[in-house]
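Enquirer: The structure's right below; bear with me while I get my questions together.
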Amino acid sequence: MGKAIFRKYQVVLGLHNQSNVERIQKAISIVEMMSTNVYFPSPLVPYAQVSAQILAAQDAYTELLIGGKGKASIMYNEMSRLEYQLSGLQAYVENVASANQDYAIPIIQSSGMELKRPPDRSAKTFSVKKGNAPGMVILNTKAKRYAAYIYEMNLNPADASGWVKVCVSQISRYELFGLTSDRYHYFRVALLTKSVQGPWSVILKVMVN
């Protein structure tokens, strides 16, 4: 019997190139998702402490908009403290994911963070994006001759029983309507060739308008 390979998973917060408002909103989302998640009961940085720092950053941003000497420096300091605390949650997610190798990727995604991946220079085969209408998303995958496409959706990828089939189609592009706005939805796709289903794709998430 071969020896199981242990992988140390790395995650990213997804704050790169985001504005201060977007970073604060991302922090709120992470705390909300992790504090109600059975995989993350006891972080080294308490959720209440991070929430208090989020409020401090929001107050500093409000003061910055009002204007005044030194407000930009205060805002910078409060955001730096917030990102430092988020890095503690980031390390916690990495440890939990690495300790649960079989479920590491959905655990990471259920935290509101993202799996750190090496640069991928190949063409993407599966994509999910917001549609123009509220509650709409567009699913698309690389077309393959004589294949059908099975799309599934989940609101919590850590729950393996939560996957719901939304479409089985011979067209690789599918538009889905009626989803709950302002909530993350998770999607995956598998190809069906000659009545044989292939492996599931990576799980992609989108915040629905």
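Enquirer: Can you spot a residue in the range 147-158 that is in contact (Cβ under 8 Å) with a residue 24 or more places away in the chain, outside any strand (DSSP E or B) and among the acidic types (Asp, Glu)?
Expert: No, the conditions are met nowhere in the range 147-158.
Enquirer: Could you please tell me which pairs satisfy a Cβ distance under 8 Å, a separation of 6+ or placement on different chains, a first residue in the range 186-201 that is of a type in the set (Lys, Arg), and a second residue that is in a loop (DSSP other than H, G, I, E, B)?
Expert: Arg188/Trp163; Arg188/Trp200; Arg188/Ser201; Arg188/Val202; Arg188/Ile203; Lys194/Tyr146
Enquirer: Oh, and also: Could you list, in sequence order, all residues of the range 8-27 that are farther than 12 Å from Ile54 by Cβ and small (Gly, Ala, Ser)?
Expert: The answer is Gly14, Ser19.
Enquirer: From the list Gln101, Gln58, which one is surrounded by 12 or more Cβ atoms within 10 Å (Cβ to Cβ), among the polar types (S, T, N, Q) and under 28 Å from Phe187 (Cβ atoms)?
Expert: Being surrounded by 12 or more Cβ atoms within 10 Å (Cβ to Cβ), among the polar types (S, T, N, Q) and under 28 Å from Phe187 (Cβ atoms) holds for just one of Gln101, Gln58, which is Gln101.
Enquirer: Filter the range 125-157 down to the residues that are farther than 20 Å from Leu191 by Cα and out of contact with any helix residue (DSSP H, G or I) (no Cβ under 8 Å at 6 or more places or on another chain) and list them by number.
Expert: Once the filter is applied, which keeps residues that are farther than 20 Å from Leu191 by Cα and out of contact with any helix residue (DSSP H, G or I) (no Cβ under 8 Å at 6 or more places or on another chain), the range 125-157 yields Lys130, Gly131, Asn132, Ala133, Pro134, Gly135, Met136.
Enquirer: Identify the single condition in (1) surrounded by 14 or more Cβ atoms within 10 Å (Cβ to Cβ); (2) hydrophobic (A, V, I, L, M, F, W, C); (3) in contact with a strand residue (DSSP E or B) (Cβ under 6 Å, 6 or more places away or on another chain) that Val12 does not satisfy, given that it satisfies every other one.
Expert: Checking Val12 against (1) surrounded by 14 or more Cβ atoms within 10 Å (Cβ to Cβ); (2) hydrophobic (A, V, I, L, M, F, W, C); (3) in contact with a strand residue (DSSP E or B) (Cβ under 6 Å, 6 or more places away or on another chain), the one that fails is (1).
Laboratory data are not the source of any read-out in this text; all were calculated from the coordinates shown. Predicted model only: the values in this text are computed from it and were never measured. Neighbour counts run over all protein chains shown; Cβ positions are idealised from the backbone, glycine included.
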